[in-house]
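Here's the structure, in structure tokens; my notes come after.
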Amino acid sequence: MYVVATPIGNLGDISLRALETLRGVDLVACEDTRHARQLLDHHGIKVPTLALHQHNENQAAEKLVRLLGEGRRVALVSDAGTPGVSDPGARAVAAVRAAGFRVIPLPGPSAAIAALSAAGLADPRFLFVGFLPARVGARRTAIQELAGVDAALVFYEAPHRVVETVAELVALLEPQRTLVIARELTKLFEQIVSMPLAQAPAWLAADANHQRGEFVLVVSAPPPREGMDAETERVLAVLLAELPVKQAAKLAAEITGQPKNALYARALELKARPL
Ligand code: SAM
């Protein structure tokens, strides 16, 4: 089974190998058949399609395995970008490989990598987060857990949630971290801007267009932490021995007057340390 990356906006962003492969297969499994048909029609490709989305992925995967068993050649695409990256595909890939068939990736567009390539951040590492949880509490917890990760963070976000998410990032991460907003990549109104996180709410509010379209948000890695004094470390360690990370960090912040974020990040490090 060929796993084929497709454009994230600009139809020209499809590889020669992807086109050749899509022309050569007997079936294209895709998230949305109408969507895939547009791409295939654009390139004059007449291959039949099969819907494979998050609600039928297991059954569709069984069908793909059956077809591969009959000697058919199959490709898998998602609506845009790379299948399996915040998109269906992983379960089908696992089922196909478990059944003994080869899975062959055809690399190409992915919004996260496109955004990173133009973000201009010096951080040597990044963590792909994808979409944060939609519910406020779960989203906050997720951001708090990411606060101490020593890497740039890459988020996907929908336009109706971008203002809220950016507000949470500002509230829970160091305000001097850089935020790169990559909007409508490869499309007519592509826009890539970077600014200190603290300035992002004002930028989003400045123009209704700034909140439209598809978004990748990239936050630079946390600034190097000032060494924590020995007494703060001691208090944190004592609390951590008895309490969950969040509670320990909160109490340590109250006792020592040190910032909660830094204590939380340090608590995570201490917790992750092998005994
Ligand atoms: N599989 C895709 C990939 O490889 O990038 C991602 C699919 S995910 C369902 C869709 C999300 O990706 C959007 O909500 C947005 O956050 C991001 N995205 C996709 N296309 C984009 C684009 N042209 N510009 C900015 N972000 C994009």
Task: Residue list for region 50-88, filter: assigned to a loop (DSSP other than H, G, I, E, B), crowded, with 21+ Cβ neighbours inside 10 Å and not hydrophobic (A, V, I, L, M, F, W, C) - done: Ser78, Thr82, Pro83, Pro88
TODO: Would you point out the residue of region 144-176, among those that are within 16 Å of Phe126 (Cβ to Cβ) and β-branched (Val, Ile, Thr), that is surrounded by the fewest Cβ atoms within 10 Å (Cβ to Cβ)?
DONE: Val149
- [ ] Would you point out the residue of region 153-191, among those that are in a strand (DSSP E or B) and over 20 Å from Phe131 (Cβ atoms), that is nearest to the ligand (Cβ to nearest atom)?
- [x] Gln191
Task: Residue under evaluation Leu121, criteria (1) in contact (Cβ under 8 Å) with a residue 60 or more places away in the chain; (2) more than 11 Å from the ligand (Cβ to nearest atom); (3) outside the structural domain of Leu179 (by TED's automatic domain parsing), criterion not met - done: (3)
- [ ] Of the conditions (1) part of a helix (DSSP H, G or I); (2) over 30 Å from Thr186 (Cα atoms), His210 clears all except one; give me its number.
- [x] (2)
Task: Single unsatisfied condition, Pro223 versus (1) in a loop (DSSP other than H, G, I, E, B); (2) over 23 Å from Val149 (Cβ atoms) - done: (2)
- [ ] For Leu204, state whether it is buried (at least 19 other Cβ atoms within 10 Å of the Cβ) and either assigned to a loop (DSSP other than H, G, I, E, B) or at pLDDT 95 or above (or both).
- [x] no
Task: Those residues of region 103-118 which are near the ligand (Cβ under 9 Å from one of its atoms) and in contact with a Leu (Cβ under 9 Å, 6 or more places away or on another chain), in sequence order - done: Pro109, Ala111, Ala114, Ala115
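The values are calculated or read from the model by the stated rules, or taken from the named source; none is laboratory data. Since this is a predicted model, take the numbers as computed values, not measurements. Here the Cβ is made from the backbone with ideal geometry for all residues, glycine too, and neighbour counts use every protein chain on show.
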